[in-house]
Amino acid sequence: MRKIGLIGGISWVSTSDYYKLINQGINERMGGLNFSECLIYSFNYADIKKNNDNNDWDSTFERLLKGCEFLKSGGAEAIVLCANTMHFIADKLEEAIGLPIIHIATVTAVEIQKKGIKKVGLLGTKFTMELDFFKDKLTAKGIEAIIPKNQEDKDFIHATVFEELGRGLVTPETKKRYLEIANQLIKEGAEGIILGCTEIPLVIKPQDISVPIFDTALIHSNAAIDFQLS
């Protein structure tokens with residue numbers, strides 16, 4: 001089994017999901033008492049958020065690079081960034097660390113392509129929705145991504161990811177609003193919805209909407225398993 005390194009704490013909620021999904025997946029494929037051989041470097045989320053709020057991606061990059069170096073020194077053969085937003089600097093990190101970073105948008109694009117879907121709705125932080133790092137990976141596979149047009153909707157998703165979901169909190173009101181936003185994207189032609197923040201699966205489940213959902217945390221975890229067993 002190949003050893004992987006997880007960069008977590010962004011947030012701890014989704015990091016625990018990654019650890020669970022990867023270990024369960026290894027065991028399902030190998031049986032017995034086989035589980036994932038992995039390392040985790042977990043950040044204080046408040047430090048990362050402060051940098052991002054100030055648009056200080058250089059400081060975030062330096063923090064994540066140190067984490068990647070720690071994992072590499074422990075024998076990790078690939079890095080898994082347990083957050084969509086952090087993939088804004090994934091390509092730069094991969095070049096600096098000299099290890100493959102399993103890119104969440106690339107593996108999600110492959111899963112969407114398998115279903116023959118050409119247009120998807122993308123929900124996530126404002127960084128994920130508005131910057132090009134995620135959408136470009138979809139475009140490369142011939143997939144169009146649409147995001148909420150209403151700024152209030154984008155602000156709502158961004159705020160609740162950090163203030164609620166990132167702390168493991170889910171309210172009926174928040175779930176209702178997320179579903180309204182997703183259904184509006186479906187009305188605008190989305191054939192599927194990307195849960196482009198690893199905490200959004202807390203509020204949107206497959207049975208909640210009429211089109212396929214693409215749970216990026218689950219897809220990413222499966223890609224990590226594929227790497228470990230390759």
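What is the percent of Cα-Cα separations in the stretch 1-106 that go past 16 Å?
57 percent
Size of the dipole of the stretch 105-215 about the Cα centre, Lys and Arg at +1 and Asp and Glu at -1 on the beta carbon, nothing else charged, in debye to 20?
Approximately 360 debye in magnitude.
For Gln228, what is the net charge nearby, where nearby means another residue's Cβ is under 9 Å from its Cβ and Lys, Arg count +1, Asp, Glu -1?
Local charge sum for Gln228: -1.
Could you calculate the FRET efficiency of Glu62 with Glu188 from 1/(1 + (r/R0)^6), where r is the beta carbon distance between them and R0 is 45 Å, rounded to 0.05?
0.70
With +1 assigned to the C-beta of every Lys and Arg and -1 to the C-beta of every Asp and Glu, and no other charges, what is the dipole magnitude of the chain about the Cα centre in debye, to the nearest 20?
480 debye
Let's see if you can work this out: charge +1 on each Lys and Arg Cβ, -1 on each Asp and Glu Cβ, no other charges. What is the dipole magnitude of the stretch 1-130 about its Cα centre, in debye to the nearest 20?
The dipole magnitude comes to about 460 debye.
Return the lysines within reach of Lys141: Cα separation strictly under 24 angstrom, same-chain partners fewer than 8 residues apart disregarded; answer none if there are no such residues.
Lys92, Lys114, Lys115, Lys118, Lys119, Lys126, Lys149, Lys187
5 Å is the cut-off here: which amide hydrogens, built 1.01 Å from N in the peptide plane, fall below it relative to Ile193, excluding neighbours closer than 5 in sequence?
Gly121, Ile213, Phe214
Compute the Cα gyration tensor for the stretch 105-215, then decide on rounded, prolate or oblate, letting a ≥ b ≥ c be the square roots of its eigenvalues: rounded whenever a/c is under 1.5, prolate when a/b is larger than b/c in the other cases, and oblate in all that remain.
Prolate, because a/c is 1.5 or more and a/b exceeds b/c.
Output ³J(HN,Hα) for the stretch 186-198: one whole-Hz value per residue in order, computed from phi by the Karplus curve 6.51 cos²θ - 1.76 cosθ + 1.60 with θ = phi - 60°, and x for Gly and Pro.
Result, rounded to whole Hz: 5, 4, 8, x, 5, 8, x, 10, 8, 7, x, 9, 5.
Which net charge results when you count Lys and Arg as +1 and Asp and Glu as -1 among the other residues whose beta-carbon is under 13 Å from that of Gly189?
Neighbourhood net charge equals +1.
Please list, in chain and number order, the residues 5+ apart from Ser42 or on another chain whose amide H is under 5 Å from its amide H, with Hs placed from the backbone.
Gly8
Mind listing the long-range amide H neighbours of Ile102? Cut-off is under 5 Å, sequence gap 5 or more, other chains count too, H placed in the peptide plane at 1.01 Å from N.
Ile79, Leu81
Since every read-out is calculated from the coordinates, none of them should be taken as a lab result. Since the model is a prediction, treat every value here as computed from it, not as a measurement. No Cβ is skipped: glycine too gets one built from the backbone with ideal geometry, and neighbour counts run over all protein chains shown.
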